[in-house]
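Colleague: Below is one structure. I have some questions about it.
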Amino acid sequence: MIIEDVHYRIVFDSRGNETVECVLFTSDVVSRAIAPSGASKGTYEAAVVDPYKCEEVEEKVSKALIGMSVFDQEEIDKTLRELDGTSNFSNIGGNFAISCSIAVAKAASNILGIPLYTYVGGLFAREIPYPLGNVIGGGKHAEGSTSIQEFLVIPVGAKSFFEAQKVNTAVHKNVKKEFSRRGIFAAKGDEGAWAAKISDEEAFEILQNAIDSVESELGVKVRMGIDVAATELWNGEKYVYGSRKLSKEEQIAYISKLIEDYDLLYVEDPLQEEDFEGFAELTAQVKCMICGDDLFVTNTERIKKGIELGAANTVLIKPNQVGTLTDTYNAVKLAKENGYDIVVSHRSGETEDEALAHLSIAFNAKLIKTGVVGGERVVKLNELIRIEEMMENPRMVRL
């Protein structure tokens, strides 16, 4: 139960960039966790420290944590914060902190012989989220493609997680067929979504055709969503879509029309990260999940401000944005207590770590955003398929 050693090593994320893996040793188990990284980052995210400072950070973290119980998650996370001494982990790095924090929780769940989602969420954490799949990408994830960063699908009619993922992969495949039918070359962006030199309007049309085909073939209702990543479009005065420039009010009107025209279930970051008032105005106008990512960055102070102003109704949860599992839990708790929905999300620079799948259940997330294809995405999706089977047949927990 006692931490005997902490070791960091440099590994690679899905973009081939260096990131850090934390390996935690107790007398009974060895656990590990890897920090992902984002391309489209909010200004207020936890800092990322150079992975090549592994030895320096390892020495500090080891000295602080050796001898502590892995079951004392809150105290360990508090110690990591105190060790860093800044508000945004600019000394030891949010990447070093979150990998250690999750490795601690993994060690505790392994010692107890229970799944990570049960250890973090408790006995009644048994709801599996719907997969929110990215099928057409642009923005920071695929330069030269669409202005809107992500075109997403949610298989709301699926009766199981397995069926939901099957539907998302079918849409992804049909999008490729639509591109081919139109003679448009498409490649894959950072998250495995298709990217091509097309307009946002063309992307909506192509995606709708792919959805119609899959709904007809598989008989499962699919809804659309988007991640606008509006901070990346904001030039300080206008939202820039190629040659078209929109004011704040024009942006709100534009997003409202997209929600109506395409029956959007989910819209992420429709306005830039400082515009709480604009988020509130849009949220009041539409019936849709209006999600804050760069707006909130899994930070309780920013979520509090959003609650006070009525900005958004959904919070995107990215543990590496805030640095520890305890801080992530506090953000989830605050959001849910105030009627906000939760969406647990991957990063564009992902890893083979499966912990996010467990956290999505532990936090009772409505959706999990993981992409659709690619080993680093599929590892989370396959883990949720295993968990679904385990919930139906408890004996499977031993497998």
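Colleague: Tally the residues that are touching a Leu at 6+ places or on another chain (Cβ under 8 Å), aliphatic (A, V, I, L, M) and in contact (Cβ under 8 Å) with a residue 60 or more places away in the chain, restricting the search to region 38-64.
Modeller: Going through region 38-64, the residues touching a Leu at 6+ places or on another chain (Cβ under 8 Å) turn out to be 42, 60-61, 64.
Imposing the further condition that a residue be aliphatic (A, V, I, L, M) reduces the set to 61, 64.
Subsequent filtering for residues that are in contact (Cβ under 8 Å) with a residue 60 or more places away in the chain retains none.
Here the count works out to 0.
Colleague: Moving on to the next point. Checking the conditions here, which among 143, 191 is crowded, with 22+ Cβ neighbours inside 10 Å, out of contact with any Phe, Trp or Tyr (no Cβ under 6 Å at 6 or more places or on another chain) and in a loop (DSSP other than H, G, I, E, B)? Step through it out loud before you land on a result.
Modeller: Details: 143 fails: crowded, with 22+ Cβ neighbours inside 10 Å.
Only one candidate qualifies: 191.
Colleague: Shifting gears a bit: Going through region 148-185 one residue at a time, which ones are of a type in the set (A, V, I, L, M) and within 16 Å of residue 209 (Cα to Cα)? First the steps, then the outcome.
Modeller: Of region 148-185, the ones of a type in the set (A, V, I, L, M) are 148, 152-154, 156, 158, 164, 167, 170-171, 175, 184.
Answer for region 148-185, where residues must be of a type in the set (A, V, I, L, M) and within 16 Å of residue 209 (Cα to Cα): 152, 153, 154, 167, 170, 171, 175, 184.
Colleague: Give region 278-331 a look and list any residue that's closer than 21 Å to residue 37 by Cα and small (Gly, Ala, Ser), or say none.
Modeller: 292, 323, 331 - these are the residues of region 278-331 that are closer than 21 Å to residue 37 by Cα and small (Gly, Ala, Ser).
Colleague: Do we find a residue being of a type in the set (Asp, Glu), crowded, with 16+ Cβ neighbours inside 10 Å and either more than 18 Å from the chain's Cα centre (by Cα) or modelled with pLDDT under 95 (or both) anywhere in region 205-215?
Modeller: First pass over region 205-215, keeping only residues of a type in the set (Asp, Glu): 205, 212, 215.
Applying the additional criterion that residues be crowded, with 16+ Cβ neighbours inside 10 Å yields 215.
From what's left, either more than 18 Å from the chain's Cα centre (by Cα) or modelled with pLDDT under 95 (or both): 215.
Yes: one or more hits.
Colleague: Additional query: When region 340-399 is examined, which residues are found to be small (Gly, Ala, Ser) and closer than 23 Å to residue 296 by Cα? Let's see the steps before the verdict.
Modeller: From region 340-399, those small (Gly, Ala, Ser) are 345, 348-349, 355, 357, 360, 362, 365, 371, 374-375; that's our starting set.
Matches in region 340-399: 345, 348, 349, 355, 357, 360, 362, 365, 371.
Colleague: Also: Mind checking which pairs have a first residue in region 250-268 that is touching a residue at least 24 places away in the same chain (Cβ under 8 Å) and a second that is in a loop (DSSP other than H, G, I, E, B) and not aromatic (Phe, Trp, Tyr), Cβ under 6 Å, 6 or more apart or different chains?
Modeller: 255/270; 256/286; 259/286; 259/288; 264/288; 267/288; 268/293
Colleague: Evaluate the following for residue 21: is it of a type in the set (D, E, K, R) and either touching a Gly at 6+ places or on another chain (Cβ under 8 Å) or in a helix (DSSP H, G or I) (or both)?
Modeller: Details: of a type in the set (D, E, K, R): yes; either touching a Gly at 6+ places or on another chain (Cβ under 8 Å) or in a helix (DSSP H, G or I) (or both): no.
No.
Colleague: Which condition from (1) touching a residue at least 40 places away in the same chain (Cβ under 8 Å); (2) touching a Leu at 6+ places or on another chain (Cβ under 9 Å); (3) not aromatic (Phe, Trp, Tyr) is the one that residue 246 breaks?
Modeller: Exception for residue 246: condition (1).
Colleague: Right, something else. Give the residue that is farthest from residue 230 (Cα to Cα), with candidates limited to residues of region 146-185 that are hydroxyl-bearing (Ser, Thr, Tyr) and loosely packed, with under 15 Cβ neighbours inside 10 Å. Lay out the reasoning, then the answer.
Modeller: Here is the first cut: in region 146-185, the residues hydroxyl-bearing (Ser, Thr, Tyr) are 146-147, 160, 169, 180.
If we keep only those that are loosely packed, with under 15 Cβ neighbours inside 10 Å as well, we get 160, 180.
Values: 160: 33, 180: 29 Å.
Going through the qualifying residues, I end up with 160.
Matching residues to (1) surrounded by fewer than 24 Cβ atoms within 10 Å (Cβ to Cβ); (2) touching a Gly at 6+ places or on another chain (Cβ under 9 Å):
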position	(1), (2)
77	no, yes
88	yes, yes
94	no, yes
100	no, no
112	yes, no
115	yes, no
119	yes, no
125	yes, no
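Colleague: Go through (1) on the phi < 0 side of the Ramachandran plot; (2) surrounded by 24 or more Cβ atoms within 10 Å (Cβ to Cβ); (3) part of a loop (DSSP other than H, G, I, E, B); (4) not aromatic (Phe, Trp, Tyr) one by one and return the number of the condition residue 371 breaks.
Modeller: So the condition that residue 371 fails would be (1).
Colleague: Take residues that are at negative phi, assigned by TED's automatic domain parsing to the domain that holds residue 343 and basic (Lys, Arg) and tell me which of the strands (runs of 3 or more DSSP E) falling wholly in region 237-288 contain 1 or more. Before the answer, list the steps.
Modeller: Numbers: elements: 239-241, 244-246, 266-268.
Here the list reads 244-246.
Conditions (1) assigned to a loop (DSSP other than H, G, I, E, B); (2) under 14 Å from the mean Cα position of the chain (by Cα), marked per residue:
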position	(1), (2)
290	no, no
296	yes, yes
305	no, no
328	no, yes
336	no, no
343	no, yes
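Colleague: From 185, 162, grab the single residue that is in a helix (DSSP H, G or I), over 26 Å from residue 295 (Cβ atoms), aromatic (Phe, Trp, Tyr) and in contact with a helix residue (DSSP H, G or I) (Cβ under 8 Å, 6 or more places away or on another chain). Steps first, answer last, please.
Modeller: On the way: 185 fails: in a helix (DSSP H, G or I).
None of the others qualify; the one that does is 162.
Colleague: Looking at the structure I just gave you, is residue 198 surrounded by 22 or more Cβ atoms within 10 Å (Cβ to Cβ) and either assigned to a strand (DSSP E or B) or out of contact with any Phe, Trp or Tyr (no Cβ under 7 Å at 6 or more places or on another chain) (or both)? If you could, list the steps in order and put the result at the bottom.
Modeller: On the way: surrounded by 22 or more Cβ atoms within 10 Å (Cβ to Cβ): no; either assigned to a strand (DSSP E or B) or out of contact with any Phe, Trp or Tyr (no Cβ under 7 Å at 6 or more places or on another chain) (or both): yes.
It is false that residue 198 is surrounded by 22 or more Cβ atoms within 10 Å (Cβ to Cβ) and either assigned to a strand (DSSP E or B) or out of contact with any Phe, Trp or Tyr (no Cβ under 7 Å at 6 or more places or on another chain) (or both).
Colleague: If residue 298 meets every condition in (1) at positive phi; (2) surrounded by fewer than 23 Cβ atoms within 10 Å (Cβ to Cβ) apart from one, which number is that one?
Modeller: (2)
Colleague: Here's a follow-up. For residue 105, work out the one condition from (1) assigned to a loop (DSSP other than H, G, I, E, B); (2) in contact with a Leu (Cβ under 8 Å, 6 or more places away or on another chain); (3) closer than 22 Å to residue 343 by Cβ it doesn't fulfil.
Modeller: Result: residue 105 passes all but (1).
Colleague: A follow-up question, please. Mind checking whether some residue in region 208-228 is under 29 Å from residue 248 (Cα atoms) and in a helix (DSSP H, G or I)? Explain how you work it out, then say what you get.
Modeller: Here is the first cut: in region 208-228, the residues under 29 Å from residue 248 (Cα atoms) are 208, 223-228.
Still in the list and also in a helix (DSSP H, G or I): 208.
Yes; the residues of region 208-228 include at least one that is under 29 Å from residue 248 (Cα atoms) and in a helix (DSSP H, G or I).
Colleague: Taking the stated definitions as given, is residue 252 within 23 Å of residue 335 (Cβ to Cβ), among the hydrophobic types (A, V, I, L, M, F, W, C) and buried (at least 24 other Cβ atoms within 10 Å of the Cβ)?
Modeller: Details: within 23 Å of residue 335 (Cβ to Cβ): yes; among the hydrophobic types (A, V, I, L, M, F, W, C): yes; buried (at least 24 other Cβ atoms within 10 Å of the Cβ): no.
Spelling it out, it is not the case that residue 252 is within 23 Å of residue 335 (Cβ to Cβ), among the hydrophobic types (A, V, I, L, M, F, W, C) and buried (at least 24 other Cβ atoms within 10 Å of the Cβ).
Colleague: Which one of these does residue 356 not meet: (1) in contact (Cβ under 8 Å) with a residue 60 or more places away in the chain; (2) crowded, with 22+ Cβ neighbours inside 10 Å?
Modeller: The single condition residue 356 does not satisfy is (1).
The values are calculated or read from the model by the stated rules, or taken from the named source; none is laboratory data. Nothing here was measured: the structure is a model prediction, and the numbers come from that model. So basically every Cβ, Gly included, is an ideal-geometry build from the backbone, and we count neighbours across all protein chains shown.
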